[in-house]
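Novice: Below you'll find the structure I mean.
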Amino acid sequence: MKKVGLFLLILAIALMLGANAFAQSTGDEASYFVAYYSNANTAGAPDEVLRIVNDGSQATYGSEGVLNGTLWAAIYVFDDSQEMQACCACRITADGLLSESVNKQLLSSTFTGRKLTRGVIKVVSSTSYDPTNPMSVPGLRGWFTTVDATSNNPSKGPFYVTRTALADANLGAVELANLGNVCSYGLTIASGPGLCPCTPEDKDF
């Protein structure tokens, strides 16, 4: 009986400690996310979609009770040769939703004018409206709809669609600077193309 009582005491302490640890959790502090796109601009394939929400964790109340906490999704689109082809920073207010079409927005204007089909998308949760100068801070969460082919001939299909959360990634100072610098160079050299348009917040297409 003594052993049973001791076991129950240890179990109760463990449960209390676990509850305290859970209560003190600050959640996911990630500010950098990655995904891949495939079969974009491909006949018969549905469009892929990037959706991002502002979770409101940066929100504060102004002097007149106005909810602040606006963030920007700094988006960087790469081709399958690791070259950045487009960039933009899309505004998302606290608790707001951004939906970006891969074909119609993210790949609609590229630095090289190429029609891209596959590559990588990187997103920085940023306090800056300028994609050439991202300033990372937690607060955005995202999901991506990926279209994969089920045959060796993607142009023939069939295709299947999956939706997954954007993968958290480690954001170093060098990577953050490179994203902004390459975006700046691309926009300057291309003289217009490469700045992806942003869908109005809370407006799906």
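Novice: Treating the beta-carbon of each Lys and Arg as +1 and of each Asp and Glu as -1, no other charges, what is the dipole magnitude of segment 27-190 about its Cα centre, to the nearest 20 debye?
Specialist: 520 debye
Novice: Could you work out the local net charge near N170, counting Lys and Arg as +1, Asp and Glu as -1, over the other residues with Cβ closer than 15 Å to its Cβ?
Specialist: After counting each charged neighbour, the total is -3.
Novice: Right, something else. What list of ³J(HN,Hα) values in whole Hz, one per residue of segment 88-93 in order, does the Karplus curve 6.51 cos²θ - 1.76 cosθ + 1.60 (θ = phi - 60°) give from phi, with Gly and Pro shown as x?
Specialist: 5, 10, 9, 6, 9, 6
Novice: Follow-up question, since we're still on this one. Under 5 Å between amide H atoms, partner at least 5 residues away or on a different chain: which partners does D80 have, H built in plane at 1.01 Å?
Specialist: Correct list: R118.
Values in this text are rule-based calculations from the coordinates and carry no lab data. Remember, predicted model here, so these are calculated numbers, not experimental data. Note that we place each Cβ from the backbone using ideal geometry, even for glycine, and neighbour counts take in every protein chain shown.
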